[in-house]
Structure formats: C-alpha cells, structure tokens
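A.B. asks: Pasting a structure below so you can have a look.
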Amino acid sequence: MKNKKRWKKIIPFILVLFIFIFLNNTSLLTKERTGEPLLLAHRGLGQTFTMEGIEADTCTASRIYEPEHPYLENTIPSMEAAFDAGADLVELDIKPTKDGQFAVFHDWTLGCRTNVQGMVMDYTMEELKNIDIGYGYTADKGATYPFRGKGTGLMPSLSEVLSTFPDSSFLIHIKSSDAKEGAQLAEYLQNLPEEHLSKLTVYGDDAPISTLKAQLPSLRVMSKATLKSCLVSYTGASWTGYIPSVCRNTQLHIPEKYARYLWGWPDKFLNRMDSVNTRVIVVAGNGGWSEGFDSEQDLERLPTDYSGGLWTNRIDLIAPALKLGELKP
C-alpha cells in the first residue's frame, strides 16, 4: 500500500520533468534559423583519397582518386579556389621551420608528397619554397604522377596566407603536441590587428592550445580538452537550458554519429552555441579521420534545413549546390 502511494507521488513528478525536458530542448520551440550552412573547406581544395585501411602514418598522396581538378592542398591557389567556390572559412595545417617561421603543410615528414626527405623544421622557409610538393601524388600506384613538377614554390608560409587573404576566415591546425609551438604562434598572432585576429580560430593538441590561449585569451581555440569539457558539461546540465561557461567562445567539431544525442539538436543547440559565440562544425562519420560531407548523398544524412557548420573536402562540389539551393540538407 505504501509503495502504491509513493508511486502515485513519483509518477506525476516524472511526467512533469519529462514535459519540461521536452519543451526546453525541442527545436520546434526555438528561434527559427534561416541561414545557409557555414562551409569549412578542409585544407582548401585538395586531392581526395580512399579512406579504406587508412592509418596515422599512411601516405595519402600515394592513394588519391583520379584528379578532377588541378589543386594541391594547403596552397594559395587551393585556398583561393575554395573561397571562390563558396567556402566561409578554410582549414590549414602549420609546422615550424628552421628559421622560425610557420610553413603551411600537413604531413609529419616531407617524403610522402615531396621530392625531399626529412621534416619541415629541417629546412628554412626559403628552402621549402624550392621543393616540389606535388612530387608524390599518384592515382595508379605509381604508374603516373600527375602533379610531379607542378608543385615547386607552392608551399606557403602562414604569413603569406594571411597577407594574401586579409579579410578571410581561417581555422589553423597546430600539428604538434609541443607547447612551445603554441607560444611561438601566440607571439606571431599578437602582432596582428584585432579585426584580423577575430577571423582566426586555432585548434590542436591540449598543450600548445592551452599555452596559446593563456597568451591570447580572446582568441577562439579548440583542443580535445576544451571539446570534452564543453560537451560533458553540456550533457550533464544543459537539459535545463543552462549553457556552461566552458562552452563560451570556442569551437566544437561534432561527429554526425553523436550529434543527435545533444540536448536541443539541431536548432536549439545551434542557437545556444551562437548565443555564446561558439562555432559548431559537423564532421562526417565518427570524426576519426577528417571525413567530410563531400557528395549529395552525404548531405542527405543531415537534418532538414541544417544551418550549422559543415566540414568538407570537396568544397567545389558542395558549396555551389548549397548556395544555389539545389541541395537543401
């Protein structure tokens, strides 16, 4: 009898709580979002490759698909092509050089893509300008090399990129886990005008990002630690509508596999993050290997009228279709 009375009291409370959670997190009752998706072009416009069997040290230049355009990743022409196609921001990778600059290049070593061996830090920026970054690309297991001889002089410095595109937005990736690189980047970025700095976001491992953020508190940054801190806190508290302070002024890369489990996904979640100056980028799959939304079929997996950020490796295909309204996610 006592148990029945207890349940009579508990059940109404559970129902009220359920209704509160639903009403507080449904996208049906949030501000309507009318904008287009924000498009992030991964490494500008580069050659794509099969993801099957990929490992951390896989030479991706040796497994590209048959080229459909003439651009090489992380170069000025590839970034210009990405912006011209409709990218809102471009992601790029940086490595320190022997003479204290930052080169824009992805791989740990130079041997996969270029005609030299060693690491970026073994060379000055002037020396890096003389190597052929298209040397190692092949779509037929080495029978032909379509970009060999065409990549000399194309590796840019970070300074060159930012001076070429002073009004554009970039996501800068520190490839190392060395905190000193965060300090080096902070020393460089602090000399930029505030209006230029506001267009930049930096992400990478915890140590360099923590060091960078300590020196430039206003800069938007992201690391595994900041991402985890925000999402764990959000999951635990934001069913109430409260937005944790650790989610403010940052960037979130959300794998599509997990996005649906976030309170208020999609529109209420996006509106909440907008209100605290946090950018949300959805990446394809489980987020493991920089997979992007690169085809019409990929876009079909997105929520209807999705207007947050999208990570793509084929900005040349995705941007024109979305901008013209031919493909509405």
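A.B. asks: Can you pull out the trypsin sites (Lys or Arg not before Pro) in region 250-282 that DSSP calls coil and that have at most 10 other Cβ atoms within 10 Å?
C.D. replies: Numbers: sites: K257, R260, K268, R272, R279; in loops: R260.
Passing both the DSSP loop test and the Cβ count: R260.
A.B. asks: I would also like to ask the following. Go from 0 up to the bin containing the longest alpha carbon distance in region 127-215, width 10 Å each, and give me the % of pairs per bin.
C.D. replies: Taking every Cα pair in region 127-215, the percentages come to 15, 33, 30, 18, 4.
A.B. asks: In addition: Could you pull out the trypsin sites (Lys or Arg not before Pro) across region 105-185 that fall in loop regions by DSSP (anything but H, G, I, E, B) with no more than 13 other Cβ atoms inside 10 Å? Intermediate results must be reported in sequence, preceding the final value.
C.D. replies: Numbers: sites: R113, K129, K141, R148, K150, K175, K180; in loops: R113, K129, K141, R148, K150, K175.
Counting only loop positions with at most 13 other Cβ atoms within 10 Å, the trypsin sites (Lys or Arg not before Pro) in region 105-185 are K141.
A.B. asks: Let me ask something additional. Could you list, in their original order, any pairs among K224/K257; K213/K257; K98/K213; K98/K199; K95/K141; K180/K228 whose Cα atoms are separated by more than 21 Å? Intermediate results must be reported in sequence, preceding the final value.
C.D. replies: Working: K224/K257 17 Å; K213/K257 29 Å; K98/K213 24 Å; K98/K199 27 Å; K95/K141 28 Å; K180/K228 23 Å.
Check vs 21 Å cut-off fails for K213/K257; K98/K213; K98/K199; K95/K141; K180/K228.
A.B. asks: Next question, about the same structure. How about region 199-265: which chymotrypsin sites (Phe, Trp or Tyr not before Pro) there lie in a loop by DSSP and see at most 16 other Cβ atoms within 10 Å? Walk me through the numbers on the way to the answer.
C.D. replies: Values: sites: Y203, Y234, W239, Y242, Y258, Y261, W263; in loops: Y242, Y261, W263.
Here the sparse-neighbourhood loop sites are Y242, Y261.
A.B. asks: When the Kirkwood radius is taken over all Cα pairs of region 41-113, what Stokes-Einstein diffusion coefficient follows at 37 °C and 0.692 mPa s, in µm²/s?
C.D. replies: After rounding, the answer is 246 µm²/s.
A.B. asks: Then there's this: Report relative contact order for region 223-328 in percent, whole number only (criteria: Cα-Cα under 8 Å, sequence separation at least 6). Before the final figure, lay out the partial values.
C.D. replies: Values: 141 pairs, mean separation 22.3, N = 106.
This gives 21 percent for region 223-328.
A.B. asks: Reported to two decimal places, what Rg/Rh ratio describes region 179-226 when computed on Cα atoms with Rh from the Kirkwood expression?
C.D. replies: Details: Rg = 9.8 Å, Rh = 10.5 Å.
When Rh is taken as the Kirkwood radius, the ratio is 0.94.
A.B. asks: Would you mind giving the three semi-axes, in whole Å and largest first, of the ellipsoid equivalent to region 155-205 according to its Cα gyration tensor?
C.D. replies: Details: eigenvalues 68, 30, 22 Å².
Over the Cα atoms of region 155-205, the semi-axes work out to 18, 12, 11 Å.
A.B. asks: Would you mind computing Rg(Cα) / (2.2 N^0.38 Å) for the chain, counting N as its residues?
C.D. replies: Numbers: Rg = 22.3 Å, N = 329, 2.2 N^0.38 = 19.9 Å.
Here the Cα radius of gyration is 1.12 times the empirical estimate.
A.B. asks: P(r) for region 1-160, please, calculated from all Cα pair distances in 10 Å bins and given in %.
C.D. replies: 10, 28, 23, 9, 9, 9, 7, 4, 0
A.B. asks: Using Cα atoms only, what is the angle between the long axis of helix 179-189 and the major principal axis of the chain, expressed in degrees (0 to 90) to the nearest 10?
C.D. replies: Between helix and principal axis, roughly 80 degrees.
A.B. asks: Okay, moving on. In the chain, what percent of the accessible surface is made up of carbon and sulfur (1.4 Å probe, ligands and nucleic acids excluded)? Each step should come with its number before you reach the end.
C.D. replies: Numbers: 8910 of 16310 Å².
After summing per-atom areas, the C and S share lands at 55 percent.
A.B. asks: What ranking of F22, F83 comes out by heavy-atom accessible area, probe 1.4 Å, highest first?
C.D. replies: Values: F22 110, F83 40 Å².
Highest to lowest solvent-accessible surface, that is F22, F83.
A.B. asks: Can I ask one more? With the other protein chains left in place, how much accessible area per residue, in square angstrom, belongs to the chain at a 1.4 angstrom probe?
C.D. replies: Values: 16310 Å² over 329 residues.
Here the residues of the chain average 50 Å² of exposed surface.
A.B. asks: Sticking with this structure for a sec: Determine the gain in length on full extension of the stretch S233-K9; use 0.36 nm per residue of separation and subtract their C-alpha separation, reporting nm with one decimal.
C.D. replies: Additional length available on full extension: 77.6 nm.
A.B. asks: Report the far tail of the P(r) of region 223-328, meaning the percent of Cα-Cα pairs longer than 16 Å. Write out the running numbers ahead of the final one.
C.D. replies: Working: 3184 of 5565 pairs.
Looking at region 223-328, the distances longer than 16 Å represent 57 percent of pairs.
A.B. asks: Any chance you could run the full-extension gain for R248 through I76? It's 0.36 nm times the residue separation minus the Cα-Cα distance, nm to one decimal. Intermediate results must be reported in sequence, preceding the final value.
C.D. replies: Details: separation 172, 0.36 × 172 = 61.92 nm, distance 3.17 nm.
Computed gain between R248 and I76 is 58.8 nm.
The values are calculated or read from the model by the stated rules, or taken from the named source; none is laboratory data. Because the structure is a prediction, the values reported are computed rather than measured. Positions of Cβ are backbone-derived with ideal geometry, glycine not excepted, and every protein chain shown enters the neighbour counts. Each accessible area value is taken on the protein alone, full model and side chains, heavy atoms only, with ligands, DNA and RNA left out. Shrake-Rupley method; radii C 1.70, N 1.55, O 1.52, S 1.80 Å.
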